[in-house]
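S.K.: Dumping the structure here so I can ask a few things about it.
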Amino acid sequence: MKLHDLAPASGSTKERKRIGRGPASGQGKTAGKGHKGQLARAGRGMRAGFEGGQMPLQRRIPKRGFNNIFGTEMAIVNLATLDKYYDDGATVTIDSLVEKGILKKTLDGVKVLGRGEISKKLTVQVNAFSESAKTKIEAAGGKAEVI
């Protein structure tokens, strides 16, 4: 094989459609744009969502909810997860949660919730605890420390 023998695979390339090049081309006269109207004009691009002057869908639908700029979104972890991934006497930190793959993002902080049981004595250092999680950790002999 030589350089002059190289060619793209058959069917992988397509000829450009040459519009407005006479009646024999099949795309002559109006060049596939039909007769008159907005779509036949030059520079006919319309913005996304334009409905020809009709009230657009995004304005017909009612607004709902709001975005609280002061709100915080916590990443949550349940006690059952901590019991599964940590050994007795371990210290649970935000970094160790990410390192073990329990959390992907810490968002605005980490909160431990009380779903499940905990049988190991753990020292948990996170941003927040639910009341039930705190009592269960302390009942198991561990510590719940807010950082």
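The values are calculated or read from the model by the stated rules, or taken from the named source; none is laboratory data. Owing to the predicted nature of the structure, the values given are computational and were not obtained by experimental measurement. Positions of Cβ are generated from backbone atoms using ideal geometry, with glycine treated the same way; all protein chains shown enter the neighbour counts. Heads up: the accessible areas ignore ligands, DNA and RNA and are worked out on the full protein's heavy atoms, side chains in. Shrake-Rupley method; radii C 1.70, N 1.55, O 1.52, S 1.80 Å.
S.K.: Working out 0.36 nm times the residue gap between Q38 and T135, then minus their Cα-Cα distance, what length gain in nm do you get to one decimal?
M.R.: 27.9 nm
S.K.: Can you spot the lysines whose alpha carbon is less than 19 Å from K17's alpha carbon? Ignore those fewer than 8 places along the same chain.
M.R.: K29, K33
S.K.: Right, next: Averaged per residue, what accessible area in Å² does region 15-147 show with a 1.4 Å probe, protein chains only?
M.R.: 76 Å²
S.K.: Determine the sum of side-chain charges near T72: Lys and Arg each +1, Asp and Glu each -1, restricted to other residues whose C-beta is under 14 angstrom from that of T72.
M.R.: Charge balance in the 14 Å sphere: 0.
S.K.: Okay, moving on. Beyond 23 Å between alpha-carbons counts as too far, so tell me which of K111/K143; K63/K105; K14/K36; K63/K111; K84/K111 fall in that bin.
M.R.: Where the Cα-Cα span goes over 23 Å, the pairs concerned are K63/K105; K14/K36; K63/K111.
S.K.: How would you classify region 19-77 from its alpha-carbon gyration tensor, with a ≥ b ≥ c the square roots of the eigenvalues: rounded for a/c under 1.5, else prolate if a/b is greater than b/c, otherwise oblate?
M.R.: Prolate, because a/c is 1.5 or more and a/b exceeds b/c.
S.K.: Per the 1.4 Å probe, what fraction of the accessible area of the chain, in percent, lies on carbon and sulfur atoms?
M.R.: Solvent-exposed carbon and sulfur of the chain make up 51 percent of the total.
S.K.: Using all alpha carbons of region 5-131, what is the percent of pairwise distances in each 10 Å bin, ordered from the shortest bin to the longest?
M.R.: Per 10 Å bin, starting at zero, the Cα-Cα P(r) for region 5-131 comes out as 9, 21, 12, 10, 11, 16, 14, 6, 1 percent.
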